[in-house]
Each structure stands twice: as C-alpha cells, then as structure tokens.
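The values are calculated or read from the model by the stated rules, or taken from the named source; none is laboratory data. Keep in mind that what you see is a predicted model, and the values were worked out from it rather than measured. Cβ coordinates were reconstructed from backbone atoms using ideal geometry, including for glycine residues, and neighbour counts include every protein chain displayed. In case anyone asks, the SASA skips ligands and DNA or RNA and just uses the protein heavy atoms, side chains included. Shrake-Rupley method; radii C 1.70, N 1.55, O 1.52, S 1.80 Å.
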Amino acid sequence: MGLFDRIKRAFTGEDQVVKEELKQKDSEITFETYDRGMEKTRKNFSERIASLFTSFREIDDEFYDDLEEAFIGADVGFNMTIAITDAIRDAIEREGASKQEDVKRIVLEEMVNIYEKNEENNVAIRENPNGPTVVLFVGVNGVGKTTSVGKIGYNLKQEGHKVLLAAADTFRAGAIEQLNVWGERLDIPVVTGKANSDPAAVVYDAVKRANEEQFDYLLVDTAGRLQTKANLMQELAKMKRIIERENPNGIQEVLLVLDATTGQNALIQAKQFNEATDITGLVLTKLDGTAKGGVVLSIRYELDIPVKFIGLGEKATDLQQFDPEQYMYNLVSDVIEQK
C-alpha cells in the first residue's frame, strides 16, 4: 500500500488503523522515535494549516496567498510551495471542492502526491559484494558529520557487521580526537593520521586495512570546506582515485550531512556540494531540535538525491534510516486529527 493511500485512509477516519499499520511495518520504537523527534516540525506545520482554515470562508486569491504563506513558514521552500499550491488549485477546481474538510483533504493529498512522484525509496546503503563497503561522509563543520559517522557505525555493528572508521578530516581541530572517542566508546577501530596531514594518506591506510582484515564497512570522515570548493573537489577526487584503485568496486556511497536546524540553508549546501562531488544520499541531523523539518520536502522536490538517514534525538539509535511514510504521516498527523 502506498503512502498516498495511507494518508487518504487516515483522513477519512482510519487514522488509528494506519498508525497501527505503520508500527507493524517498522516497529513501535521506530514509530515513537519519529513521533517524538518530529514534534516541533509537526506542531509548526499543523498550527499554520489550522490558522489557514480558522478564517476559511471561500476559495479565492486570498486563500491561495495564505496557503503559500503557510508552506513558506513551514520551511517547505519557495519552489515546492509554488508547485504544491498549483497542484492544490488544479485539484480543487477539478473536484469543484468548496467545503473546508474537502479542501483540507486535498491539501494533504497533493502534498503527499508531489512527494511520492518518481520516489524509489532507495534509502539503504549500497552494498559492495566483493570487498568492504566504503562510505564517504562530507559536510561543513558543525552539522554533526563526525557524530553521524559514529552513530551509523554503531548501528551497523549492532546489526553484526565488522566496521572500520577513518579520520580523514585532518584539518579541523579536534576532529581526529572526536572520532577516536566514538571508536573507543563503541569498540570500533579508527584509522588516523597526524593533524594537518594528507587526508588521502589516511584513506589509503584505511582501505588497505579494511581489505586485509576483511571489514564489512569502512566509514570515512572527510573535511568539508565549501569556501574552498576547488580544494574540496581535489581532495575528494584524490580519495576516490585511491579507493577505486585499492578496493573492489570503489566507493559505494558519498553521503552529505546536513543540519536540519538551518532550514533552507541546508538545501543551499546540498546544491553546492552536489556541484563539487557526486552525492549519492543525504544524512539530515538534529531534526528533533527544529521546527524546520519541512526542508525534507524541499530537498526531495529540488534535488534527485534521497534522504538516507535522519537524526531524531541524541542517542545513537535515534539516527535512523529515513522512512518517507513515517516522516509524511508524522508531518500531517495533527492536521488529520483536527478534522
């Protein structure tokens, strides 16, 4: 059953049934993590939609202006706001809808419909069948990149995999020490070099060890200095050449780590990094600490890059593989309950 069908059923009175289905689909822990982690975003979105319909009288230009303001305020982004509003306008005219409940249903349905278009739900890490699976993590300082490496390493180890970490962010003060702390805490080995040393040399040592000792995963923490995009591209290109030379099937993933609390700035960073290197997936951190989680919709609409992991709390288990159904349901669930 698709996400669109679940939301439609929830809005027409089966919200408790849909909630139980989502719990069974993943687990009650996953559902509760999304429910807790998205509280601020959900409240922000539901309050804006509720305000829109509090003064609802008729479908006119003022209604569509207020609708656009609601989406912009929820940090959905300008381009997706225009696309959603146009789709809602077309659906309302097509159905001849005029009652508040019908219009509210259309708003939610068209949001889900636009999000679902061409969605492959390809959120799992690509596996290397002939050697260690190598994942590069990129992102600007302060977004939670090194922490994400540690948390994903923890989750992979819990699944029974043999994991190796590489501290290739040799230029940021404290980055090597921070990853070492994660390694000691989780009992995961870390390959390091000296501060300000060549990151590619660290990557070479890490790939060599990963192959010789038959690790399942190699997670590489890299430097990310957008202000020197040319240097960033050169560093990443050098790392990629080494990995492709030394490891069967090269790199499986280049994951860009973004801070959800920055809202639309996260989208700007994604566009800039995507110009510098081939991003295969996104890690969106700190969603639990912001009301700007609508940026997921904006990223989904404007970039053909899947969100693969989402941070919904401080614990290692709170960085979860992204589930579009859990995200969208938790985004609109309060609006559904207001019907």
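Below is a table of values for the structure above.
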read-out	value
The chain - convex hull of alpha carbons, volume per residue in Å³	127
The chain: angle of helix 199-212 to the longest principal axis, Cα-based, in degrees nearest 10	80
Sorted largest first, extent of region 116-182 alpha carbons per principal axis (Å)	41, 30, 21
0 to 90° range, to nearest 10: angle between helix 264-276 axis and the chain longest Cα axis	40
Per residue, in Å², the accessible surface of the chain once ligands and nucleic acids are set aside, probe 1.4 Å	44
Nearest-ten-degree value, helix 229-246 long axis tilted from longest Cα axis of the chain	60
Exposed-loop-free span, longest in the chain, where GluC sites (Glu not before Pro) count as exposed if DSSP calls them loop and at most 14 other C-beta atoms lie within 10 Å	214-313
Antiparallel %, DSSP beta bridges [both residues in the chain], to 5	10
Separation in nanometres of the label points that stand 7 Å from Cα toward Cβ, at residue 205 and residue 126	2.8
Theoretical ellipticity at 222 nm over the chain - DSSP helices of four or more residues, -39500 (n - 2.57) apiece, nearest 500	-17500 deg cm²/dmol
³J(HN,Hα), Karplus 6.51/-1.76/1.60, whole Hz, each residue of region 149-158, x for Gly, Pro	4, x, 5, 5, x, 4, 4, 5, 5, 4
Where N is the number of residues in region 132-271, Cα Rg divided by 2.2 N^0.38 Å	0.98
Cβ-placed point charges (K, R +1; D, E -1), dipole of region 276-339 about Cα centre in debye, nearest 20	100
Kirkwood Rh (inverse of mean 1/r, distinct Cα pairs), region 55-177, angstrom	18.9
Amide H partners (placed H, <5 Å) of residue 171, local residues excluded	196
Residue among 284, 189, 111 farthest towards the positive dipole end of the chain, charges placed on Cβ	189
Greater than 28 Å apart at Cα, pairs in 99/286; 238/308; 240/315; 151/292	99/286; 240/315
Student exercise, region 73-134 dipole from Lys, Arg, Asp, Glu Cβ charges, in Debye to nearest 20	60
Debye equation applied to the C-alpha atoms of region 222-339, log10 I(q)/I(0) at 0.10, 0.11, 0.22 Å⁻¹	-0.36, -0.43, -1.28
Heavy-atom accessible surface of the chain: percent carbon and sulfur, 1.4 Å	44
Positive dipole terminus of the chain, leading residue within 164, 252, 125 (C-beta point charges)	164
